[in-house]
Amino acid sequence: MQCGLLGEHLSHSFSPQIHAQLGTYPYRLYEVQPEGLGNFLNNTPFTGINVTIPYKKAVIPYCKQLTPTAALLGAVNTIIRQSDGSLLGHNTDYAGFRSMVEHSGLDVGMKKVLVLGSGGASATVVAVLKELNANPVVISRTGENNYSNLNKHADAAVIVNTTPVGMYPNNGLAPIDIDLFPTLEGILDLIYNPHRTALLMQAEKRNLVTENGLWMLVAQAKESAEYFTGSAIDDRIIQKIHTSLKKQTENIVLIGMPGCGKSTVGSLLANKLQRTFVDADTEIEKEAGMSIPEIFARGGEQSFRKIESTVLERLGKKSGLVIATGGGCVTIPENYPHLHQNGIMIYLNRSIDTLPTDGRPLSNKDNLEILYTVRKPLYEQFLDVSVANNGSIDDTVDHILLMLSKGDLT
C-alpha cells in the first residue's frame, strides 16, 4: 500500500504528520511539475493520493469515475486506484469544511456569509454553506460582488477566506478590512500557515469567533484515510490530531524584562521538547554584524529596534521554535503580530531586585524600577500566560511543560 500527496510545491505540508496518526500506511510527498502530471498518474503505483494546488481540476481527465461530491464541486483532492487499475476521484474538502464550521460553533443558517475568492476552494465552501441554509455571497476581483463594492454587504454575519492572501511566506497581508462589517460574528480562514493570519488577528481584536484551516485539513485527511484503507475512523481522532499538530507547530515565545531568564529557560525548554531554540538577541547581532552594545553606541535605540523588528518578523513566520526575545521588543506594537501569528507568548516574571544589569544598555541607562513600570503593562498586552521565574530554572521549565501537557497554553 502506498499513499501520499500530489502537488507542485510541498515542502511545508503538514499532511505526512497527520496521516502518520491516521494509519500505518506509507505516506510520501510527490512534487510533480505540470508537464509530468500525466506520466505520474498513469505510471505511479500508488494506492491512494491526496491532491493539492495546482492539480485539483487538472487530474479530473485521468479519473475514470468521480464520486457525486467531486462531480458536484468540479474538483478532486483524493484519488483511489480501483481493483482494475482505473482511478476514482473524490473530494474530501467538502466534509472537511463542514466539520470546520461545526467546530467553530458559528451558526450560519439564514445568515449572509461573504466568501472571499472564486477558485476551487470557494466552490466547496459555497456548496457547504448552501447545505447549511446560509446565504453565501462570493466576492471576486471582477465579478458583480467585488472588493470595490464591499459596502453593499456591511450586514454580513460571517466571512470565509478562501484566497491565499496572508498565507506563508506572504504573512501579514489581509484581503479586506473587517471594520467595514459592524455586525460580523466570526471569520473562518482556510489558511493554516500561519496559525493566525492578519485577517484572523483583526477579528481577535473585536473578540469575534475565529477558526483557521488546520481543523479542515485534519478533517478532510481523516475522510481520505477512510478511502485509502476502506475502514471507518472515529471522528474523535480529528480533535486529537488537531491538538497534537497545533502544539508541534506553534512557537513558544518568551517575553520579559532584561535578565529575567528568557534565554536560559528557553534553551532548557527547547532541549526537553526537542525543538530548535533561537535567541533573538543573537540573531540581531548576526543581522547587524556587531554586538548589541555596539548597535546602541552607533545608532541608538531606534536603530536597534528596527533591526529587532526585522529579525522578529522573520522568526515569527517559522513554526515549532522556542524563541527568547529581547526585553524591549514589546515597546514596538508591530512586533505583536510578528510573534503572535504562530506563537504562544509566555511572560517570564521575575523579581526586580534579582535582575542583572551588566551588558544591558537600557537597564544601565534607566532606573530598573522605572523601566519595569513602563514595560509591565506592555508585557501584559502581549502575553498569553504569565509564569513566575523566581525559583530554580528546572522548576520554571517543569511548570511550563506541565501547562503545555494540560493544554493550558493552547
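The values are calculated or read from the model by the stated rules, or taken from the named source; none is laboratory data. It should be emphasised that the depicted structure is a prediction, and the values quoted were computed from it without experimental measurement. Every residue, glycine among them, receives a Cβ derived from its backbone with ideal geometry; neighbour counts consider all protein chains shown. Each accessible area value is taken on the protein alone, full model and side chains, heavy atoms only, with ligands, DNA and RNA left out. Shrake-Rupley method; radii C 1.70, N 1.55, O 1.52, S 1.80 Å.
Worth a mention:
- Check on Gln239, in a helix (DSSP H, G or I), in contact with a helix residue (DSSP H, G or I) (Cβ under 8 Å, 6 or more places away or on another chain), polar (S, T, N, Q) and free of Cβ contacts under 8 Å to residues at least 60 places away in the same chain: no
- Selection within region 267-281: residues that are in a helix (DSSP H, G or I) and closer than 14 Å to Cys329 by Cβ. The member of this set that is least open to solvent (accessible area, probe 1.4 Å) is Ala280.
- Checked against the criterion of being out of contact with any Gly (no Cβ under 7 Å at 6 or more places or on another chain), open to solvent by 30 Å² or more (accessible area, probe 1.4 Å), assigned to a helix (DSSP H, G or I) and not charged (D, E, K, R), region 105-119 has no qualifying residue.
- Leu321 farther than 17 Å from Cys260 by Cβ, in contact with a strand residue (DSSP E or B) (Cβ under 8 Å, 6 or more places away or on another chain) and surrounded by 15 or more Cβ atoms within 10 Å (Cβ to Cβ): yes
- The single condition from (1) in a loop (DSSP other than H, G, I, E, B); (2) among the small types (Gly, Ala, Ser); (3) crowded, with 21+ Cβ neighbours inside 10 Å that Gly143 fails is (3).
- Some residue of region 178-195 being open to solvent by 40 Å² or more (accessible area, probe 1.4 Å) and more than 18 Å from Leu116 (Cα to Cα): no
- Output for region 40-75, where each listed residue is open to solvent by 100 Å² or more (accessible area, probe 1.4 Å) and either without any contact (Cβ under 8 Å) to a residue 24 or more places away in the chain or not in a strand (DSSP E or B) (or both): Asn42, Asn43, Pro45, Ile53, Lys57, Pro61, Lys64, Pro68, Leu72
- Residues satisfying the stated conditions in region 196-228, i.e. open to solvent by less than 30 Å² (accessible area, probe 1.4 Å), in a helix (DSSP H, G or I) and either without any contact (Cβ under 8 Å) to a residue 24 or more places away in the chain or not hydrophobic (A, V, I, L, M, F, W, C) (or both): Leu200, Gln220, Lys222, Ser224
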